[in-house]
Amino acid sequence: MGRAVSGVNGGPGSVTGLADRSIGQLGRWLFTPMPVSRVATLRLLVFAFVIVDVVLLHTSGWYHGYADPVWYEPLVMGKVLHLPAATVLLVQALKWGCVLAALAAMTGRAPRLLGWTVAIGWVWYQYIAFSYGKVDHDRADFVVALALLPTVGLAHLSDQRRSEAAGFALRAVQLSAIATYFLSSWAKVRFGGWDWVNSATMVRAVVRRGSPMAQWLLEVPWTLHWFQWVLMGAELTSPVIFVLSEKWRRRVVGGWFVFHAMTYAAITIAFWPHLVMMLAFLPLERYAAWLRSRLVRLRGGDDGGEGGGAGDAAASPDSRVFEGSATP
């Protein structure tokens, strides 16, 4: 009897011991040290996307400033924070404030202050767009990136350090990106039932907004039916990416990018901010180092001098530590 109690409450083989080890393993996985330079590269891409998004892509917020406040339907965030209806002045301040703050944040200075300024401005601008109609679900993981990437602090493109802060920020972005896929499949089952895979959802999408490239698919409807099964399977199994080797992770990310390219070509729908977040799975610091070395060579700096030093640094033994790492 004493041994049974001991097995439940303590000791390496007890339930408590197993729970402690599981929690410890989860903590080590969440806080796996990752290259700080990867965070610096991803932040640069994130802030660049903010500029492109508010100026070119998701611009619906600007004309809501002219809308009658009677059409304003506060979302949960607006109710909690008592956010007012949009005005022309507010919309323009948020839009161009995002651009200026993102440009400043791309310099790498004051990463927390400027990063969170961009986050607040961009989220508020998106809130205005969504408080007058449809809410896009492809932007949730981008909010996670804007909120957590600044927590890493100072980070440079050539920073050779690894840190747990960088690891947690990147892991959180990865988890939210994959949750977008997995929860999408759950939503299909929740609202459409398991019959969703045998429905005419894709046919309707092509009829509604299909490009000339996709119209022929209506003549071969089994292709759209088959694609729904493939999509459901890919979304349900998307978390598998976390147990794959780095080489296969890169291939899976490439596969998702091909899928999104095909979707855009067929029905002109793209999940732009989500695609930026999927880059968190890639060794961005290696690509940045390769690009810097190529630019040095194009400038003729590979024969020595300051330019040659930059090229050598990109190919130094310290940088090759990243190339041999299996850490995501």
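Below 14 angstrom from the Cβ of Val189, what's the summed charge of the other residues (Lys, Arg +1; Asp, Glu -1)?
Numbers: positive: Lys188, Arg190; negative: Asp195, Glu235.
Spelling it out: positives minus negatives among the neighbours equals 0.
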Worksheet entry | Sequence-separation-based contact order of the chain, relative, with Cα cut under 8 Å and 6+ spacing, percent | 20
Discussion item. To make sure I understand the rule: partners must be lysines, Cα under 26 Å from the Cα of Lys188, and not fewer than 8 residues away in the same chain. Which ones qualify?
Written reply: Lys134
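How do Arg139, Arg109 line up, fewest other C-beta atoms within 10 Å first?
So the residues, fewest neighbours to most, are Arg109, Arg139.
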Worksheet item: ³J(HN,Hα) across segment 80-90 via Karplus (A = 6.51, B = -1.76, C = 1.60, θ = phi - 60°), whole Hz, x for Gly/Pro?
Response: 5, 8, 6, 6, x, 5, 5, 10, 4, 5, 5
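Lys and Arg at +1, Asp and Glu at -1: add these up for the other residues within a Cβ distance under 12 Å of Arg38 and post the number. Don't jump to the answer; show the numbers that get you there.
Values: positive: Arg43, Arg161, Arg162, Arg171, Arg286; negative: Asp159, Glu285.
Neighbourhood net charge equals +3.
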Worksheet item: Highest mean first, what order results for 41-50, 66-75, 290-299 on Cβ atoms within 10 Å?
Response: 41-50, 290-299, 66-75
Worksheet, complete the sentence: Taking Lys and Arg as +1 and Asp and Glu as -1, residues besides Glu235 with C-beta under 15 Å from its C-beta add up to 0
Practice prompt. Show the residues, 5+ positions off or on another chain, whose built amide H is closer than 5 Å to the amide H of Ser163.
Written response: Met34, Val36
Worksheet item: Can you run phi through the Karplus equation (6.51, -1.76, 1.60; θ = phi - 60°) for segment 248-259 and list ³J(HN,Hα) in whole Hz, with x for Gly and Pro?
Response: 6, 4, 4, 5, 5, 4, x, x, 5, 5, 5, 4
Worksheet entry | Prolate/oblate/rounded call for the chain, Cα gyration tensor, a/c under 1.5 rounded | rounded
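Bear in mind that the values in this text are calculations on the coordinates, not laboratory data. All values reported here derive from a predicted model rather than from experimental measurement. In this analysis, Cβ positions are derived from the backbone assuming ideal geometry, glycine residues included, and neighbour counts consider all displayed protein chains.
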